[in-house]
Amino acid sequence: MTRPQKFWAVVPAAGVGKRMNAGRPKQYLELGGKTVLEHTLSRLLQSEAFAGIAVAVSEDDGYWPDLPVASHPQIIRAKGGIERADSVLSALTALRHLAADDDWVLVHDAARPCITASDIHLLIGTLRDDDVGGILALASHDTLKNVDKGSILGTLDRSHIWRALTPQMFRYQALKNALEMHQGNPAITDEASALELQGQQPKIVEGRPDNIKITRPEDLALANFYMEQQQ
Ligand code: C5P
């Protein structure tokens, strides 16, 4: 009998959030009475899609141990890395005795607390029989310019331009191999780019525009607004 396919979540949460200027990492900023990271994890847990969730946090992270969710039985702590890709690889390594090679892993930014169960299930439902996997993404509605030193060199054909969101969904061993092979390469800014460098063509699944990443101070108010709208 074949083992039923499992789904795992990986949450890189070891960034310092320099662009927030907030005095604490952005995943620990408060949003409606809870930290950003608690919102993100509780939405992943509530989706009931995952066998377990590996969270990469910095070794000297003094906030994590105080979160009630840190002791949730489905949460596995991993050590954060220098870059996002290093944190993801570390979380995948923490799953090595649990995940099978062809299990699916959904990597989701800690800083995207507005993720909905509907988007998680849309991604899984669309790609679970795919050979490679893919990502949630958004079509670009703005005209996009190629700029060098303040001057426009050209206009991109936006019909081919999509903004990469998370979760990004790939097979456990294929993703781990791709990240290991391209470790230290600054071009790896998401999981899909590691697979692309392997010659793969991950799919895109159109996600919701409210799945924003908290990057600048004003994004907190926007996330708050979206969460109220979603209720
Ligand atoms: O900084 P940025 O917004 O691109 O970070 C995206 C996600 O990656 C955040 O959830 C952040 O905590 C995480 N990250 C990480 N380890 C790093 C850098 C970023 O886990 N070294």
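Considering only DSSP beta bridges where both residues belong to the range 1-128, give the percentage that are antiparallel (nearest 5). Write out the running numbers ahead of the final one.
Details: 2 of 16 bridges.
Percentage antiparallel, nearest 5: 10.
Hey, fewest Cβ within 10 Å first, where do 10, 69, 147, 57 land in order? If you can, show how the numbers build up before the last one.
Working: 10 31, 69 18, 147 10, 57 26.
If I rank by nearby Cβ atoms, fewest first, I get 147, 69, 57, 10.
If we count trypsin sites (Lys or Arg not before Pro) as exposed when they sit in a DSSP loop and have at most 14 other beta carbons within 10 Å, what is the longest stretch of the chain that avoids them all? Show your work: numbers first, answer last.
On the way: sites that count: 96, 128, 149.
Result for the longest clean stretch: 1-95.
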*What number, in nm² with one decimal, is the all-direction average of the projected area of the convex hull of the alpha-carbon atoms of the range 1-96?*
7.1 nm²
*Estimated distance in nm for a label pair at residue 206 and residue 74, the labels positioned 7 Å out from Cα along Cα-to-Cβ*: 2.9 nm
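With viscosity set to 1.306 mPa s at 10 °C, what whole-number translational diffusion coefficient in µm²/s follows for the range 122-231 from Stokes-Einstein and a Kirkwood radius over Cα pairs? Walk me through the intermediate numbers first.
On the way: Rh = 16.2 Å.
The Stokes-Einstein estimate is 98 µm²/s.
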*Among 157, 119, 190, which comes first, second and so on when ranked by fewest other beta-carbon atoms within 10 Å?*
157, 190, 119
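Tell me the mean residue ellipticity at 222 nm calculated for the chain from its helices only (DSSP H runs of n ≥ 4, each -39500 (n - 2.57), averaged over every residue, nearest 500).
Numbers: 6 runs with 63 residues, N = 231.
Only helices count here, giving -8000 deg cm²/dmol.
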*Any idea what log10 I(q)/I(0) is at q = 0.08, 0.12, 0.13 Å⁻¹ for the chain, Debye with uniform C-alpha scatterers and no solvent?*
-0.29, -0.66, -0.78
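Coordinate-derived values only; no laboratory data. Given the structure is predicted, the values throughout are model-derived calculations rather than measurements. Note: ideal-geometry Cβ built from the backbone for every residue, glycine included; neighbour counts use all protein chains shown.
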